[in-house]
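Here's the structure we're looking at; comments come further down.
The values are calculated or read from the model by the stated rules, or taken from the named source; none is laboratory data. Computed from a predicted model, the values in this text were never measured in an experiment. When we count neighbours, we look across all protein chains shown, and the Cβ atoms used for this are built from the backbone with ideal geometry, even at glycine. SASA here: full protein model, heavy atoms, side chains in, ligands and nucleic acids out. Shrake-Rupley method; radii C 1.70, N 1.55, O 1.52, S 1.80 Å.
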Amino acid sequence: MSAPLPSPIFSPLTSTAARRRTHRTATAAGRVALALGVLATGLATDRALGSDAGANPAAGSGLSPLPSQQAVADGKQPKGARSPARAAFIRSHYRKHELRIPMRDGVTLFTSVYTPLDASPSRRYPILLVRTPYSVAPYGADRYKDRLGPFEEYEGEGFIFVFQDVRGCHMSEGEFVNMRPHHPGKAGPRDIDESSDTHDTIEWLVKRLPHHNGRVGMWGISYPGFYASAGSIDSHPALKAVSPQAPIADWFRGDDVHRHGAFNLEQSFEFFPIFGRTRQTPTDDEKWEPFDFGTPDRYQYFLSVGPISAALKRFAGPVPFWNDIVAHPNYDAFWQSRNLLPHLRGVRAAMLVVGGWYDMEDLYGALATYAALRAQNPGIAATLVMGPWIHGGWSGTDGAALGDSDFGFATSETFRSVELGFFKHHLKAGPAPDLSGALVFETGANRWGRFPAWPPPAAQEKTLYFGPARSLSFTPPAPSSAPPAATAPVDPGYDEYESDPTHPVPCSADAASGCPRRSVATDQRFASARPDVLTYRSEPLTRDLTLAGPVEATLWVSTNGSDADYIVKIIDENPPQVPDAPERGGQQTLIRVEPFRARFRDSYSQPKPLLPGQPTRIRFALNDVFHTFQRKHRLVVHVQSSLFPFIDRNPQRYLENLFHVGPADYLITRHRLHRTPTLQSQISVRVLPALDDPPPAPPR
């Protein structure tokens, strides 16, 4: 492994026109330039992997092209490259077996194995394992999957592909437990968890499966990403490489079900009534019928549901895990035991953690998993890859554009060579890929960066302050030393807005669209125009500004209610005139958004009401960013109290359990955001120095 570069990989093409180009206004020549930049700077990696650097593997190679990321986000195309030719290749080059592998407590797990036809004592292949709650379908020895690997190249490269229904799902025996808690002190065969099931599976495979080379890899996206993470704990000696991708880590603090305790309404409502149905006996039923909203207008649908306490009336049958959510509104032992992060220990396999900057489901999981792996397993090979992708977009789409953003080239093509090189090196003794601690995509500048770790060690902490006249600056407002002139307006030291839960701020301008994939990287001017959204804007930047790493909001608020949500957005505003695309002048592109439920300001497990009229500090972390605000752009921050229907409506009246809210509990309340020297609302960021910045002053 070569020494990582201490600073980002910059595209060498930095013409004036390229600097002026906004996210979605890249011309054809600009696209070529950006692709050539990646070609030049990623040459060492691609040579090590034995591929044509910067090329599209599908072009002229017979491979199936990946669908457009925007088309997938819009629901117009499914994720992943599928084709009759790919399916025919798998059918004619692999032999399928269906097995039942016993666990230490006697439960058997249904497992499908696809072995290359030419596997033999003289031609052995590594095992690539996926454990999933979503079914290993199709079932039947004569029915084959139309995709085996993350990308089509895997099938030609050759692996023994193994897919397993996890305990209690589909054809596997046992009881399914959502985010099954890890059992660190196993004393006997009845002490099982996902790490023990993974260990037992690998142990059986390496002892009983013919023609393998003794090396096992594991990967998975989303829920299967959780099983990949859990399977790396106290790694089996044969497990050499694991790639948790968008892994679930903590369903209360940051992933699918809650965000800082705020309930993720739309995703949970759509997912658990289908996924959460009780299975009485093993079944080979392959049906997955999406939840029927009866209308494309999600905003109006969820308003029509009424209080969240009425949700069960919309479900076709019992949903046990929904009942668990309702019964555990706080971060109690139920949720704490399902936090996998503190248990990511004893990891000996190489780890490739993957996530997307625009993943509205499990961005937290990817970042937190990488951080926990490095902190709790010093010395292991752990790499983070983050790109401009929706949930799973790196594997199932071209990654070229999203919302109102254009990233200049098919970013997923960079990842496919990195990922395959990772597995080839650790499972097939292939060349060592040129991986550093973090390979991350820099939105706003549309280029890849490579760092020894994430966040970049060189990034410097700075603070953005909210100021008078909805201003935003790195300079704190100075206290006034003189009384204002008689004609000058008096600054009250706060800004305020009225929040009405019956008219919540929608997550996107297209209120009919769903939130998780349709609201990211989109124009936020619709929200800036609302009176229940506070909009703070910096002056036009005189130099490029690159934020790289965590973002933390500190809000001093007061309200005449007793509970509230506070949502913070980080936004990139274009200059008024964009030469290449006049229609993009003034566009406000969403970079990051995060909600916080104020009752949890001191403790997720012990909520408490807000005291009406009393200024209170609300402090919380947003997920990391890696974004360049170009010269002449403005950095914009929104503060609001609803994000619907992504987050359920806070009634703004304190109730012990918000899932028991009734129609009369919703209150219209006024919120103040304070910004005085003693009550200073602010946003903490990390700024990556430019190459021509003056060196920092030496410490005294």
Taking the chain and dividing mean pair separation by its residue count, relative contact order in percent (alpha carbons under 8 Å, at least six apart): 16 percent
Centroid-to-centroid separation of region 663-685 and region 568-606 [C-alpha atoms, Å]: 17 Å
Square roots of five times the Cα gyration tensor eigenvalues for region 460-611, Å: 26, 25, 17
Per-q log10 I(q)/I(0), region 181-257, q = 0.11, 0.18, 0.26, 0.27 Å⁻¹ (Debye; single scatterer per alpha-carbon; no solvent): -0.31, -0.77, -1.21, -1.24
Amide hydrogen neighbours beyond the local backbone of residue 215, cut-off 5 Å, H modeled: 127
Carbon/sulfur fraction of accessible area - the chain, other protein chains in place, 1.4 Å, %: 54 percent
Net dipole in debye of the chain [+1 Lys, Arg Cβ; -1 Asp, Glu Cβ; about Cα centre; nearest 20]: 960 debye
Degrees separating the helix 363-376 axis from the principal Cα axis of the chain, which is the longest one: 70 degrees
Coarse-grained scattering of the chain at q = 0.07, 0.09 Å⁻¹, given as base-10 log I(q)/I(0) from a Debye sum over alpha-carbon atoms: -0.48, -0.80
Debye-sum result for region 252-398 in log10 I(q)/I(0), which assumes one identical scatterer on each alpha carbon, at q = 0.09, 0.13, 0.20 Å⁻¹: -0.39, -0.79, -1.32
Region 563-642, relative contact order [Cα under 8 Å, separation at least 6], %: 45 percent
Descending Cα extents along the principal axes, region 388-429, whole Å: 42, 19, 11
Kirkwood Rh, Cα atoms: Rg over Rh of region 265-334: 1.00
Computed over region 240-292, the ratio Rg/Rh where both radii use C-alpha atoms and Rh is Kirkwood: 1.07
Amide proton proximity set for residue 170, modelled H, under 5 Å, gap of 5+: 283
Accessible surface, region 224-362, averaged per residue in Å² (probe 1.4 Å): 35 Å²
Cα-based equivalent ellipsoid, region 332-426: semi-axes from gyration tensor eigenvalues, Å: 27, 19, 9
Tensor-based shape of region 343-392 (alpha-carbon gyration tensor, a/c under 1.5 rounded, otherwise prolate or oblate): prolate
C-alpha long axis of helix 223-232 to longest principal axis of the chain, angle in °: 70 degrees
Estimated inter-spin distance, residue 473 and residue 281, nm [label 7 Å along Cα→Cβ]: 7.4 nm
Amide H contacts under 5 Å for residue 382, placed H, 5+ residues apart: 351
Kirkwood hydrodynamic radius of region 59-110, Cα pairs, Å: 14.5 Å
In range of the label at residue 289: residues from region 308-329 whose backbone nitrogen is under 12 Å from the point 7 Å along Cα→Cβ: 316-317
Mean Cβ count within 10 Å, highest first, over the residues of peptides 499-506, 243-250: 243-250, 499-506
Per-residue ³J(HN,Hα) for region 416-433, Karplus 6.51 cos²θ - 1.76 cosθ + 1.60, θ = phi - 60°, Hz, x for Gly and Pro: 4, 6, 5, 5, 5, x, 4, 6, 4, 5, 7, 10, 10, 6, x, x, 5, x
Rel. contact order, % - alpha carbon contacts under 8 angstrom, at least six apart, region 566-700: 24 percent
Accessible area expressed per residue, region 369-459, with surrounding protein chains retained (probe 1.4 Å, Å²): 21 Å²
Flagged links, alpha-carbon separation over 21 Å, of 462/569; 79/424; 207/240: 79/424
Helix 265-275 vs. the chain, principal-axis angle (Cα, 0 to 90°, nearest 10): 20 degrees
Size of electric dipole in region 356-470: Cβ of Lys, Arg +1 and of Asp, Glu -1, about Cα centre, debye, nearest 20: 380 debye
Listed residue (309, 291, 696) projecting farthest to the positive dipole end of the chain, Cβ model: 696
Unpartnered cysteines - no second Cys beta carbon under 4.7 Å - across the chain: 169
MRE, 222 nm, helices only [DSSP H, n ≥ 4, -39500 (n - 2.57), over the chain, to nearest 500]: -5500 deg cm²/dmol
Two-site FRET efficiency, residue 345 against residue 498, from Cβ-Cβ distance with R₀ of 35 Å, rounded to 0.05: 0.10
J(HN,Hα) series, region 320-334, from Karplus relation 6.51 cos²θ - 1.76 cosθ + 1.60, nearest Hz, glycine and proline x: x, 6, 4, 4, 5, 4, 5, 6, 10, x, 10, 7, 8, 4, 4
Whole-number D in µm² s⁻¹ for region 561-700, Kirkwood Cα-pair radius fed into Stokes-Einstein, 10 °C, 1.306 mPa s: 87 µm²/s
Accessible surface, 1.4 Å probe, highest first, among residues 556, 454: 556, 454
Under Karplus coefficients 6.51, -1.76 and 1.60, residue-wise ³J(HN,Hα) of region 524-540 in Hz, glycine/proline x: 9, 5, 4, 6, 4, 7, 7, x, 9, 10, 8, 10, 10, 10, 6, 5, x
Considering only the chain, percent of DSSP beta bridges that pair antiparallel, nearest 5: 75 percent
Most to least accessible of 632, 207 (protein chains only, probe 1.4 Å): 207, 632
Ranked packing of 679-688, 184-193, most packed first, by mean Cβ within 10 Å: 679-688, 184-193
Rounded accessible area per residue of region 504-570, 1.4 Å, Å²: 29 Å²
Highest-first arrangement of 327-337, 110-120, where packing means the average Cβ count within 10 Å: 110-120, 327-337
Antiparallel DSSP beta bridges within region 379-482, as percent of all bridges there, nearest 5: 75 percent
